[in-house]
Amino acid sequence: MESVVPPVVDGSAQAIMDLEREYLLQNYARYPLALVRGKGCYVYDTAGRRYLDFLSGIGVNALGHAHPRIVKIIREQAGLMIHCSNLYYNQYQGPLAKRLAEISGLQRTFFANSGAEAMEGALKMARGHGHAIHPEKFEIISLENSFHGRTLGALSITGQPKYRANFEPLLPGVKFVPPNDAAALEAAFSPRTAGMVLEMIQGEGGVCPLTHDFVAKARQLADRYNALLIADEIQCGVGRPGTFFAYQRAHPVILPDVLAAAKPLGGGIPFGAIVANEKAAAAIGPGMHGTTFGGGPLACRLALETLALIEELLPAIERVGGYFHVQLNELARKHSFIKEVRGFGLMIGVELAIPGKQLVLDAMAEGLLINCTHDTVLRFLPPYVATERDVDQALKVLAKLFAKVK
Ligand SMILES: Cc1ncc(COP(=O)(O)O)c(C=O)c1O
């Protein structure tokens with residue numbers, strides 16, 4: 001049956017933008033584009049114009065848009081139960097937590113609703129762990145250039161002054177270390193360290209992978225000082241690097257004590273999780289943490305299906321991502337303003353010697369959605385269902401735009 005609720009605004013992009021300008025907080029610098037629907041790797045605007053979506057809602061729409069298996073589950077589960085609160089059990093939390101344990105190598109899960117909320121839980125775990133040892137063991141080590149979310153706790157460990165500036169003072173006891181600087185990391189650790197947080201591939205920081213040696217050092221120091229090692233896999237994990245989690249790319253795998261996941265995990269609906277080993281999980285006892293929405297039956301059932309689909313897609317992520325990487329390097333050889341192509345799987349950044357903002361707008365005008373992070377890094381987070389043909393389509397647009405750069 002068709003919805004009986006009419007569209008609340010005139011469907012023109014201008015009317016949508018005008019109404020928002022009047023009634024929404026003016027915190028987002030949106031692109032001038034109003035989207036209506038999507039199918040696979042493509043989205044459509046109010047005028048019916050088609051765009052190749054190589055940003056996937058900043059990494060959320062990993063299965064593309066309107067994936068039939070996701071749509072089916074939303075339809076079915078919405079008719080059964082969407083939410084029941086954490087006062088009661090539902091059928092899907094246990095199976096999803098079991099699946100997360102199997103694919104991560106960690107043991108126990110807490111379900112949240114976003115990346116920032118997952119990071120809050122991870123921070124509380126580190127604080128609880130430290131506190132149980134000594135009240136002075138509360139320091140957190142984080143990395144410069146990192147991004148962990150917009151809530152006050154997550155901001156406190158975000159190593160980019162522009163996000164923090166208007167809200168200081170933030171949490172005390174946070175130390176920032178330059179990424180891949182093992183000596184600085186060693187100097188920052190002490191018996192007061194409760195936890196260390198890292199993104200294996202810094203996302204908002206410009207798609208910058210950490211080196212294996214640096215991560216190995218972090219693991220060694222966390223063990224030496226009995227601190228929790230927390231991997232923020234919110235952007236770089238859940239299939240995006242071609243493995244379920246970015247820490248699994250290393251051989252041998254260096255396990256964190258806690259991982260935080262979100263973005264694609266809920267198949268497009270808000271969802272997040274922390275998965276912890278027994279030592280870290282022991283830091284959160286009865287009554288110490290909770291959430292109303294986290295782990296609802298719809299979200300958990302969708303996450304189970306999403307993980308099943310991602311498992312099927314892992315080889316394609318590696319293959320298509322590898323192809324994209326190679327082709328971008330070809331473009332880099334032709335254009336001296338392209339400094340570097342970085343990333344793994346379908347998380348790729350192209351560092352330019354010029355600002356990237358205009359290129360993003362020009363790409364949009366050519367029907368390709370990407371974005372720019374850190375002013376000069378073009379960021380590509382294509383859906384995992386993207387094929388070599390989709391990549392070729394994106395490359396065609398990029399080649400045209402790069403050829404015009406003076
Ligand atoms: C690495 C990382 N951590 C945390 C977050 C925050 O997630 P959310 O926006 O869902 O709160 C993000 C969001 O971009 C992220 O990239």
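The values are calculated or read from the model by the stated rules, or taken from the named source; none is laboratory data. All values derive from a computational prediction rather than experimental measurement. No Cβ is skipped: glycine too gets one built from the backbone with ideal geometry, and neighbour counts run over all protein chains shown.
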*Taking only segment 350-406 into account, find how many residues are assigned to a strand (DSSP E or B) and in contact with an Asp or Glu (Cβ under 7 Å, 6 or more places away or on another chain).*
4
*With the checklist (1) in contact with a Lys or Arg (Cβ under 9 Å, 6 or more places away or on another chain); (2) under 29 Å from Asn27 (Cβ atoms) in hand, flag the one item Pro179 doesn't pass.*
(1)
*Specify the residue that is nearest to the ligand (Cβ to nearest atom); the eligible residues are those in segment 203-224 that are aliphatic (A, V, I, L, M) and under 19 Å from Asn145 (Cβ atoms).*
Val207
*asked:* Can you say whether Arg69 is surrounded by 13 or more Cβ atoms within 10 Å (Cβ to Cβ), of a type outside the set (A, V, I, L, M) and farther than 16 Å from Phe271 by Cβ, as far as the supplied structure shows?
replied: yes
*Can you confirm whether segment 116-128 contains a residue that is outside any helix (DSSP H, G or I) and more than 16 Å from the ligand (Cβ to nearest atom)?*
no
*Which numbered condition Ala13 fails, given (1) of a type outside the set (Lys, Arg); (2) at pLDDT 95 or above; (3) surrounded by 15 or more Cβ atoms within 10 Å (Cβ to Cβ)*: (2)
*Looking at (1) within 16 Å of the ligand (Cβ to nearest atom); (2) farther than 24 Å from Pro315 by Cβ; (3) touching a helix residue (DSSP H, G or I) at 6+ places or on another chain (Cβ under 9 Å), can you tell me which one Lys263 breaks?*
(2)
*asked:* Out of the residues in segment 160-202 meeting the condition of being within 16 Å of the ligand (Cβ to nearest atom) and among the charged types (D, E, K, R), tell me which one is surrounded by the fewest Cβ atoms within 10 Å (Cβ to Cβ).
replied: Lys162
_I'm checking my understanding of the structure. Among residues of segment 219-258 that are modelled with pLDDT of 95 or more and touching a His at 6+ places or on another chain (Cβ under 6 Å), which one is farthest from Thr158 (Cα to Cα)?_
Leu228
*Of all residues in segment 40-72, how many are assigned to a helix (DSSP H, G or I) and within 16 Å of the ligand (Cβ to nearest atom)?*
4
*Name the residues in segment 344-365 that are surrounded by 14 or more Cβ atoms within 10 Å (Cβ to Cβ) and either touching a helix residue (DSSP H, G or I) at 6+ places or on another chain (Cβ under 7 Å) or of a type in the set (S, T, N, Q) (or both), would you?*
Phe344, Gly345, Leu346, Ile348, Val350, Leu359, Asp362, Ala363
*Which residues, counting only those in segment 73-113, are among the β-branched types (Val, Ile, Thr) and in a helix (DSSP H, G or I)?*
Ile73, Ile74, Ile103
*Return the residue satisfying two criteria in turn: it lies in segment 268-287 and is within 17 Å of Ala194 (Cα to Cα), part of a loop (DSSP other than H, G, I, E, B) and of a type in the set (A, V, I, L, M, F, W, C), and of such residues it is farthest from the ligand (Cβ to nearest atom).*
Ala282
*Answer with yes or no whether Leu302 is within 22 Å of Ile73 (Cβ to Cβ) and part of a helix (DSSP H, G or I).*
yes
_Test: residue in segment 174-185 that is out of contact with any Asp or Glu (no Cβ under 9 Å at 6 or more places or on another chain) and closer than 25 Å to Thr291 by Cβ_ = no
*Pairs with Cβ under 6 Å, 6+ apart, first in segment 87-102 and on the phi < 0 side of the Ramachandran plot, second in a loop (DSSP other than H, G, I, E, B) and among the polar types (S, T, N, Q)*: Ala101/Gln107
*asked:* Just to be sure before I move on: is Lys137 assigned to a loop (DSSP other than H, G, I, E, B), of a type in the set (Lys, Arg) and either under 20 Å from Ala276 (Cβ atoms) or away from the ligand (no atom under 15 Å from the Cβ) (or both) in the structure I sent?
replied: yes
